[in-house]
Amino acid sequence: MQKRELVPGYQISPVIKGGWQLSSGHSLNQKIEDQRAIDDTTAFIEAGITTLDFGDIYTGVEELIGKSIAKLRETQGDSARDLVQLHTKYVPNEKFLDNFDRTDVKTIVDRSLARLGVEQVDLVQFHWWKYEAKSYLAAMEELFKLKSAGKIRNIGITNFDVEKLKEMVEAGLKPASIQLQYSVIDGRAENEMAAFCIENEISILCYGTVAGGLISEKYLGAPDPTVFATRSQVKYQLVIEEFGGWELFQQLLKALSEIAQKHK
């Protein structure tokens with residue numbers, strides 16, 4: 001699979017394997033089978049989808065990724081680490097944002113490295129729960145210190161708005177990337193965000209591109225679902241409601257199906 005450059009000198013696969021669905025807190029009533037998850041992850045890597053996205057608050061996922069890398073080492077030796085691009089997150093506890101402690105950043109990043117069994121993570125994506133708490137720049141400063149120390153290769157952010165991204169750039173804390181929701185039912189990134197990122201050479205990483213699997217021929221002609229397999233589908237049904245509801249969504253799926261069939 002041909003790689004894409006996130007920043008000069010660092011390439012990722014254009015399709016990224018998300019890890020949220022491997023979290024025990026995400027899978028609703030389904031039990032995560034560790035060995036199956038490890039085998040699944042290594043199969044993705046061997047197929048060329050080598051960039052893995054997960055988070056420090058995805059229960060059990062960093063440990064599963066660490067075990068997957070250990071499995072790769074059995075066949076690939078020391079080069080196993082170089083086969084993958086590891087994208088985790090730093091998500092501070094929402095309850096402590098008003099009294100943010102800078103040392104929390106190093107504590108959580110060190111924990112991620114230990115769980116993964118690596119000395120450096122390729123991208124840490126920073127999420128902040130509420131803008132009313134003003135310490136997000138302080139957290140970014142600490143992340144950049146860890147980058148200088150070699151523990152983080154690149155720093156990204158997730159779900160910030162353009163105003164806060166501009167603050168970071170003006171403070172000399174420009175991230176390598178921003179991760180945000182983007183799909184045929186959510187085009188918000190096409191507005192001011194995309195233009196600002198192009199101007200400032202900040203990459204955009206998109207999630208929700210298939211709305212948790214709902215943007216699929218599987219749901220063409222199907223009734224509005226009431227039971228979901230994962231929390232992401234619960235989330236994206238709300239996005240469909242904001243888009244205009246299930247009936248309009250069906251019209252979209254029909255149009256997408258016709259385009260797909262035309263182009264085979």
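The values are calculated or read from the model by the stated rules, or taken from the named source; none is laboratory data. Predicted model only: the values in this text are computed from it and were never measured. Quick reminder, even Gly has a Cβ in these numbers, built from the backbone with ideal geometry, and neighbours come from all protein chains shown. Keep in mind that these areas ignore ligands, DNA and RNA; they rest on the heavy atoms of the full protein, side chains included. Shrake-Rupley method; radii C 1.70, N 1.55, O 1.52, S 1.80 Å.
At a glance:
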quantity	calculated
Single residue of L205, L123 found to be within 26 Å of E242 (Cβ to Cβ) and touching a Gly at 6+ places or on another chain (Cβ under 9 Å)	L205
The lone exception for K151 - which of (1) open to solvent by less than 70 Å² (accessible area, probe 1.4 Å); (2) over 19 Å from L6 (Cα atoms); (3) charged (D, E, K, R) it fails	(2)
S13 being modelled with pLDDT under 85, open to solvent by less than 80 Å² (accessible area, probe 1.4 Å) and polar (S, T, N, Q)	no
Checking T88 against (1) open to solvent by 40 Å² or more (accessible area, probe 1.4 Å); (2) in contact with a Gly (Cβ under 9 Å, 6 or more places away or on another chain), the condition it does not meet	(1)
Tally of residues being charged (D, E, K, R), open to solvent by less than 30 Å² (accessible area, probe 1.4 Å) and in a helix (DSSP H, G or I) across the range 154-188	1
Residues that are hydrophobic (A, V, I, L, M, F, W, C), in a helix (DSSP H, G or I) and under 25 Å from the mean Cα position of the chain (by Cα), drawn from the range 221-251	V234, L238, V239, I240, F243, F249
Condition broken by D78, with the remaining ones in (1) at pLDDT below 95; (2) in contact with a strand residue (DSSP E or B) (Cβ under 9 Å, 6 or more places away or on another chain); (3) not in a loop (DSSP other than H, G, I, E, B) satisfied	(2)
Residues of the range 169-184 satisfying the condition of being touching a residue at least 40 places away in the same chain (Cβ under 8 Å) and touching a strand residue (DSSP E or B) at 6+ places or on another chain (Cβ under 7 Å)	P175, A176, S177, Q179, Q181
Residue check, A194 surrounded by 13 or more Cβ atoms within 10 Å (Cβ to Cβ), outside any loop (DSSP other than H, G, I, E, B) and free of Cβ contacts under 8 Å to residues at least 12 places away in the same chain	yes
Residues located in the range 204-229, provided they are hydrophobic (A, V, I, L, M, F, W, C), closer than 25 Å to V162 by Cβ and open to solvent by less than 30 Å² (accessible area, probe 1.4 Å)	L205, A211
Boolean, V105 is surrounded by 12 or more Cβ atoms within 10 Å (Cβ to Cβ), under 22 Å from A133 (Cβ atoms) and at pLDDT 95 or above	yes
Matching entry among L220, L248, L165 (being modelled with pLDDT of 95 or more and under 29 Å from L22 (Cα atoms))	L220
Selected residue (only one of G9, G77 is farther than 30 Å from A138 by Cβ and out of contact with any Lys or Arg (no Cβ under 7 Å at 6 or more places or on another chain))	G77
Number of positions in the range 111-140 that are touching a residue at least 40 places away in the same chain (Cβ under 8 Å), part of a helix (DSSP H, G or I) and buried (at least 18 other Cβ atoms within 10 Å of the Cβ)	4
